[in-house]
1. Report the per residue volume, in Å³, of the convex hull enclosing the C-alpha atoms of chain A.
2. Which residues in segment A:231-255 have a backbone N closer than 19 Å to a point placed 7 Å from the Cα of residue B:158 along the Cα-to-Cβ line?
3. Volume per residue, Å³, of the convex hull around the alpha-carbon atoms of segment B:7-146?
4. Give the shape of segment A:306-434 as rounded, prolate or oblate, defined through the alpha-carbon gyration tensor: a ≥ b ≥ c are the square roots of its eigenvalues, a/c under 1.5 means rounded, and otherwise the shape is prolate if a/b is larger than b/c and oblate if not.
5. Which three lengths, in whole Å and largest first, does segment B:160-311 cover when its Cα atoms are put on their principal axes?
6. Can you work out the FRET efficiency for the pair residue A:179 and residue B:237, with r the C-beta to C-beta distance and R0 = 45 Å, to the nearest 0.05?
7. What is the helix-to-structure angle for A:73-86, meaning the angle in degrees between its Cα long axis and the longest Cα principal axis of chain A, kept from 0 to 90 and rounded to the nearest 10?
8. Pairs of alpha-carbon atoms within less than 8 angstrom and 6+ residues apart define the contacts here; what relative contact order does chain B have, in percent?
């Protein structure tokens with residue numbers, strides 16, 4: 001009996017220990033002494049970023065940065081929000097996508113860097129990008145790292161065969177879509193994807209939309225306005241006509257269609273070569289890139305699809321050291337060059353980008369001026385303000401535009417825009433935000 | 001002196017034995033239950049009674065507060081047309097899935113239990129094996145098979161001149177999801193029924209044989225009534241699993257335009273909690289779903305209990 005009592009006690013202790021380990025994931029902080037060696041942690045998901053950070057660690061023995069690899073933008077944000085709520089466990093530095101910044105700022109997860117040396121990096125970046133990290137106000141929440149200016153990727157061999165010219169306006173894009181689909185009804189110039197809210201945001205941004213706005217102490221939601229309506233009407237028309245596909249991107253079907261030449265164009269961003277080489281490897285050397293088709297050819301513009309920044313979290317005890325590192329990472333020519341070659345990103349720093357990006361990506365070896373096109377396009381990114389509930393608008397996009405794409409009715413595309421506006425506004429009001 | 005000491009010690013030991021030991025032995029169970037069942041449930045209920053409020057633009061420190069919300073989250077859940085829609089979709093899914101799945105499982109169990117069956121061990125494993133494949137993996141596999149441009153079945157249908165319907169279209173997607181659950185679920189339910197068939201003493205069958213019963217009559221008049229408790233249990237588990245369907249539709253959603261982010265009740269909870277960052281209303285909705293599941297299970301047991309367990313008393 002006594003023995004079983006002891007066994008039970010051991011089991012209880014084991015169970016208790018099991019529970020404790022779950023709760024004791026605290027972090028220890030160094031003291032504020034400037035001469036002491038500082039250790040920084042950095043949550044990021046860009047591939048091979050640790051190799052870029054190694055360069056820093058070799059030349060800066062007093063500020064050691066450890067990269068903690070994350071699964072991607074969404075899971076990292078969820079993890080950070082949990083750590084902020086718990087009061088400990090957040091890293092010093094964090095890779096943040098531009099559209100997630102307001103959500104993190106709203107949760108008080110990021111430090112305001114406007115009183116630090118970080119503001120001196122302003123001259124490195126275009127105004128459109130800088131407005132994403134200031135949220136259009138006086139504060140500064142991150143230093144821009146990479147951007148995803150949208151461009152038009154197309155199968156040059158198919159265009160040549162059909163005698164088509166590269167579309168410079170959306171009217172020409174529609175005409176090309178018709179010609180391609182008529183020549184072979186199983187082939188499309190592109191698809192309208194209800195799965196990729198970021199893609200549609202970029203298209204709307206190009207048309208001049210800015211879905212959120214700050215007006216004094218109130219937010220405005222401007223989704224259901226002329227620019228986005230124009231974009232929705234345009235795509236709804238093409239889908240209704242049947243000359244543009246209505247199936248989502250990033251499905252096994254879509255990958256196959258790109259590889260077998262059933263999908264001969266893609267409105268994507270500067271990072272597209274990486275995706276295409278992965279899922280359409282058989283078509284290497286057949287693609288070319290051009291600036292986006294335009295609404296107003298005399299006033300070229302584009303939107304962003306993707307891109308991220310480096311933020312310092314509100315739990316960091318070493319804001320100045322973190323800023324020093326983030327500034328180096330995103331503006332130092334050697335660091336930017338390493339970001340391009342080992343992490344494969346398109347840097348937000350215009351001058352450093354031009355220096356670092358000379359050779360076209362392998363998949364586009366037939367187009368030596370790939371990065372010249374990109375550099376020209378990157379300067380024309382329209383400004384865009386993200387709000388505190390981007391996730392809500394994006395999931396509303398998934399649901400509402402899935403219905404519209406399925407129905408193949410132009411009017412349903414416009415209804416979807418209205419519904420997105422309603423859902424996004426209602427959510428802000430429900431959370432207690434003042435909405436104009 | 002020595003004797004009294006010994007008696008005292010014995011009394012102390014027996015006090016320990018009788019009173020403390022049971023608790024000590026229960027302790028690991030109680031600790032784990034409290035930590036992983038009771039505490040999360042209590043926390044969920046607490047969350048469901050709160051909400052977040054914002055001052056000004058909601059940017060920066062101290063602009064957010066968590067306040068008591070009363071039952072407003074519950075009112076919102078009950079009046080949410082999306083929740084009602086998801087419940088109705090899942091009910092249709094259950095009506096398709098449960099009778100088919102249990103019918104097939106029963107048929108296979110009876111066939112395996114019949115004396116004339118050959119290669120019983122192999123068949124049993126083959127039918128059970130899909131249950132070992134995680135739902136996310138099986139949904140990915142089936143997703144490939146459902147997409148016309150990558151599925152070998154559509155190639156086959158084309159070669160035979162059949163115009164196969166698109167299984168991920170809005171009218172058929174419920175069947176497509178039910179099919180995945182069917183594929184994974186038949187084996188498990190079959191094993192439960194087969195095990196309880198094996199527990200039936202063989203004298204009963206011999207007696208029936210002597211009375212001139214055929215195999216079909218034995219199955220229908222003896223085996224099925226005897227394993228009725230197992231049938232009730234599998235039906236109950238299937239109903240609960242149906243209400244909680246999540247992995248299959250979530251995995252299939254990005255492949256088509258047919259599934260919304262609130263297709264099933266749990267998808268709605270997931271979206272509210274992790275996409276919309278509103279754990280408070282998600283907590284209220286999960287409490288509502290849990291209560292609904294409890295009520296349905298209770299009513300179901302009330303209705304079938306007498307018939308299924310009547311003979312055991």
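1. Values: hull volume 84.2 nm³, N = 436.
Each residue corresponds to 193 Å³ of Cα convex hull volume.
2. A:245-248, A:251-255
3. Normalising the Cα hull of segment B:7-146 by residue number yields 342 Å³.
4. oblate
5. Answer, in whole Å and largest first: 66, 51, 21 Å.
6. Values: r = 57 Å, r/R0 = 1.27.
E between residue A:179 and residue B:237, to the nearest 0.05, is 0.20.
7. 30 degrees
8. RCO, chain B: 25 percent.
All of the numbers you see were taken from the coordinates with simple rules; none came from a lab. Please read all numbers here as calculations on a predicted model, not as lab measurements. Counting neighbours? That spans all protein chains shown, and the Cβs are built from the backbone with ideal geometry, glycine included.
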